[in-house]
Amino acid sequence: MILLLGGTSDAEKIARQLIDLDESFIVSVATDYGLSVTKKYTDSIYLGRMDQEKMVEFIEKNNISLIIDSTHPFANLVSENAINASIETNTPYIRYERESCQEMDGVTYVSSISEACGLALKTNGKIYLTVGSKTMPEYVRLLPLDRVKTRVLPVVSVISELNKLGLNSDHIEALRGPFSEELNMSLLKNAQATVLITKESGSSGGIFEKVSACQKLGIPCIVIKRPKVIYPKVVYKIEEIAQWLKKEWQK
C-alpha cells in the first residue's frame, strides 16, 4: 500500500498515474477542501493532520510500503514529519516538488511573514494577500485589519476561521482559481491594493500571473520564499513519479 500525501492538484495527477499502474494507495489530506478535491478520483482517503508519531502509527497499521509526498511547498512540517516517519519505519520516501521559479525582476523576495509585513507596512493603502488561510493568524497579528484584503478559497470552514480572527466580507475575497493576469489586475484594482504579498508556490500556484499583474499596475510584489527541506529523494516532474515506480518499485 502506498501513502500519498496530498490535498493539492498535484496529488490528483499522481493518483491517476498510480491507478494506471494498478498500484494500491491511500491519500492523506488535512482539510475538508482537500477531502472534497480528493473524492473526485478516489474513495481511499484519510482525513486529519498527522504528526510524526501518528504517521508512524498509520504506516505500521496500514502496511504502508512507500510514501509519496505531494503536499504544498509550504507544508514543510508535514514533509519533515513524513521524512522522519519514513526513517523510523524504514519506509521508502519520494517527494514531488514543484519546480521553483527563477527570481524575477521587480519582485522583492523575503524569507518570512514578518519580513514581508514589515516591508508592506512601509507603503500606504490596501495590502493584498494571496497566501492561503493557514498562516492568517500571523498576518492579523502583524498588520492593521483595515489595510488587509485576503484572497482565499470559497470554503465554509476557511471563511469561518477567518471570521474568528476578526476578518469579514470587507477583508475577504473568496474565489477559486486559476487566475489570469487580467483577472489578477482587475481584483487588485478593485481592492485598491498598493502592495501584494504572495508565496513562491510555483507556476501551478499562479505566481507568474500575479507578478505580471503587479508589474503592469506598477505596485510592489513581495514574494515569500519556500522553506528549505532536505528531501532524501525528490523529483520535479510528475511523470518522473511513474518512471521511478516502473524502474525502482515494480521491478
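The values are calculated or read from the model by the stated rules, or taken from the named source; none is laboratory data. Just so we're clear, the structure is a prediction, and the values are computed from it rather than from any experiment. Ideal geometry is used to build each Cβ from the backbone, glycine not excepted, and the neighbour counts take in all protein chains shown.
Considering the stretch 206-248, the residues that are of a type in the set (F, W, Y) and surrounded by 15 or more Cβ atoms within 10 Å (Cβ to Cβ) include one that is nearest to A85 (Cα to Cα), namely Y231. Within the stretch 224-251, residues that are at pLDDT 90 or above reach partners that are β-branched (V, I, T) and outside any helix (DSSP H, G or I) with beta carbons closer than 6 Å, at six or more positions or on different chains, in the pairs I224/V110; K233/I94. Residues that are in a loop (DSSP other than H, G, I, E, B), over 10 Å from T150 (Cα atoms) and small (G, A, S) within the stretch 102-140 comprise G106, S111, S112, G125, listed in sequence order. The one condition from (1) more than 16 Å from the chain's Cα centre (by Cα); (2) of a type outside the set (G, A, S); (3) assigned by the TED database to the domain that holds R176; (4) exposed (fewer than 14 other Cβ atoms within 10 Å of the Cβ) that P154 does not meet is (1). Looking at the stretch 121-152, which of its residues are farther than 15 Å from F74 by Cβ and among the hydrophobic types (A, V, I, L, M, F, W, C)? Within the stretch 121-152, L121, I127, V140, L142, L143, L145, V148 meet the criteria. When we screen S160, S203, S180 for residues that are under 17 Å from E99 (Cβ atoms), surrounded by fewer than 15 Cβ atoms within 10 Å (Cβ to Cβ), outside the structural domain of A11 (by the TED database) and within 20 Å of the chain's Cα centre (by Cα), the only hit is S203.
Determine whether the stretch 122-129 contains at least one residue that is of a type in the set (D, E, K, R), outside the structural domain of T31 (by the TED database) and either in contact with a helix residue (DSSP H, G or I) (Cβ under 7 Å, 6 or more places away or on another chain) or in contact (Cβ under 8 Å) with a residue 12 or more places away in the chain (or both). Looking through the stretch 122-129, at least one residue is of a type in the set (D, E, K, R), outside the structural domain of T31 (by the TED database) and either in contact with a helix residue (DSSP H, G or I) (Cβ under 7 Å, 6 or more places away or on another chain) or in contact (Cβ under 8 Å) with a residue 12 or more places away in the chain (or both). Checking each residue of the stretch 197-208 against the condition of being assigned to a strand (DSSP E or B) and either among the polar types (S, T, N, Q) or under 14 Å from K149 (Cβ atoms) (or both) gives at least one match.
What are the pairs, 6+ residues apart or on separate chains, where a residue within the stretch 1-27 that is under 19 Å from S65 (Cβ atoms) and surrounded by fewer than 16 Cβ atoms within 10 Å (Cβ to Cβ) has its Cβ under 6 Å from a residue that is modelled with pLDDT of 90 or more and among the aliphatic types (A, V, I, L, M)? Short answer, once both residue conditions are applied: M1/I64; S24/M1. So for the stretch 199-206 (the condition being farther than 30 Å from S65 by Cα and polar (S, T, N, Q)), does at least one residue qualify? Checked the stretch 199-206: at least one residue is farther than 30 Å from S65 by Cα and polar (S, T, N, Q).
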